[in-house]
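> Before I ask anything, here is the structure I am working with.
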Amino acid sequence: LAPAAWVIGPFANTGGGAIGEATPPEAGPPAPEQSYAGLERAVRWQRIESTPRRGVLDVDAQVSPSSDIRAVVAAVAVVPRATDAALRLGVSGQVVAFVNGVEVARDDVERPVALDQTVAGVRLMAGPNLILLRLGNVQGELAARVRLTAPDGAPLAGLRWEETFEGLVSAFDVTAQG
């Protein structure tokens, strides 16, 4: 499970209808003090740690209001060599998931967060890989669990999570270069 990630939001998602629309922070690498027009105020990327026992990224704790919103969660997975993997998500609401800029999963539901609710096969490149989740809800909790495994569910050899802002910027840069 990702031990930490970066979150930004909230952005409008009235009735859940905007989940398919990109948010401004998805366009490119963030700068440390850069802000974006959010739902009610300017918003910036914030670090979020997963809960120690459950591995949940509690997005609600970082964004307000927390109904009829979208938020973006970004995590950086680093692997020593290119490899096939499974992105396994537990998300309490809508999700559009991207790995290195490519959409790999989309789910439009309202449910409690649990392990492996949405699973997608992905190809990771050697080095940093940007996992970007556009999350949305209409009401209730907004939370996520993010994990990467081998395609068969076994631990992914050599995986480490980059938790720094500089690592996030670098992963955006690598993704932009293709």
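The values are calculated or read from the model by the stated rules, or taken from the named source; none is laboratory data. Small disclaimer: the values here were computed from a predicted structure and weren't measured. Cβ atoms come from the backbone with ideal geometry, glycine included; neighbour counts cover every protein chain shown. Note: accessible area is taken over every heavy atom of the protein model, side chains too, but ligands, DNA and RNA are not part of it. Shrake-Rupley method; radii C 1.70, N 1.55, O 1.52, S 1.80 Å.
> Given 99, 36, 77, which one lies farthest toward the positive end of the charge dipole of region 1-102, if we put +1 on the Cβ of every Lys and Arg and -1 on the Cβ of every Asp and Glu?
Sorting the options by dipole projection puts first 77.
> In whole percent, how big is the carbon plus sulfur part of the accessible area of the chain, probe 1.4 Å, protein atoms only?
Result for the chain: 50 percent of the exposed heavy-atom area is carbon or sulfur.
> Using +1 on the beta carbon of Lys and Arg, -1 on that of Asp and Glu, and nothing else charged, what's the dipole of region 71-123 about the Cα centre, debye to 20?
The dipole magnitude comes to about 220 debye.
> Considering only DSSP states other than H, G, I, E and B, which trypsin sites (Lys or Arg not before Pro) in region 69-178 qualify as loop sites with at most 12 other Cβ atoms within 10 Å?
Filter output for region 69-178: 81.
> Relative to the longest principal axis of the chain, what angle (0 to 90°, nearest 10) does the C-alpha long axis of helix 165-177 take?
80
> How long are the semi-axes of the equivalent ellipsoid of the chain, taking √(5λ) for every eigenvalue λ of the Cα gyration tensor, in whole Å from largest down?
24, 19, 14
> Is there a quick way to get the dipole size of region 24-178? I mean about its Cα centre, with the Cβ of Lys and Arg at +1 and of Asp and Glu at -1; what is the value in debye to the nearest 20?
Around 280 debye, computed over region 24-178.
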